[in-house]
Amino acid sequence: EPRLRVIKKDGTREAYDRAKIRRGLMLALHRRPVPTERLDQILQEIEDELTDAYDVEIPSRAIGDLVMQKLRKEDQVAYVRFASVYRDFKDVSEFVQEVQPMLTQRAAGAATEKGKERSPSDNRPTGG
């Protein structure tokens with residue numbers, strides 16, 4: 001089985017290092033309510049998807065993007081932590097741009113949930 005290689009942003013190549021990705025996940029998930037077993041599952045999912053999509057060489061961007069995708073589904077705080085390092089935000093506005101879609105999605109989800117809890121008759125204005 002050929003060893004996987006990572007193509008870094010500057011074009012250099014290095015051996016794929018599972019521990020490096022695990023460290024990134026651990027830092028992002030530090031003190032978050034995600035058990036170690038789940039962290040290991042996420043790591044395995046990432047590796048499985050990478051080996052399915054790439055033969056021998058994997059662009060580092062593909063790894064980072066996949067980690068972000070997994071963290072976004074798992075824990076939004078961990079996602080933002082990882083994104084802030086991975087995307088190298090220069091200022092708060094870049095950070096806000098990254099988080100805004102999640103906030104919008106969350107607000108829309110909360111409105112949808114609220115709507116499910118009420119019957120149509122609950123939408124009448126209250127006197128008062």
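The values are calculated or read from the model by the stated rules, or taken from the named source; none is laboratory data. All figures in this text were calculated on a predicted structure; none of them were measured in a lab. In this analysis, Cβ positions are derived from the backbone assuming ideal geometry, glycine residues included, and neighbour counts consider all displayed protein chains. In case anyone asks, the SASA skips ligands and DNA or RNA and just uses the protein heavy atoms, side chains included. Shrake-Rupley method; radii C 1.70, N 1.55, O 1.52, S 1.80 Å.
What the table below lists for this structure:
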| item | result |
| --- | --- |
| A111-A53 FRET efficiency (beta carbon distance; Förster radius 41 Å; 0.05 resolution) | 0.70 |
| Within the accessible area of the chain (1.4 Å probe), percent carbon and sulfur | 53 percent |
| At most 11 other Cβ within 10 Å, DSSP loop - trypsin sites (Lys or Arg not before Pro), the range 32-118 | K90, R118 |
| Size of electric dipole in the range 20-97: Cβ of Lys, Arg +1 and of Asp, Glu -1, about Cα centre, debye, nearest 20 | 520 debye |
| The range 1-59: C-alpha pair distances exceeding 18 Å, % | 41 percent |
| Overall form of the range 39-113 per C-alpha gyration tensor (a/c, 1.5; a/b vs b/c) | oblate |
| If the convex hull is drawn through the Cα atoms of the chain, its volume per residue in Å³ | 168 Å³ |
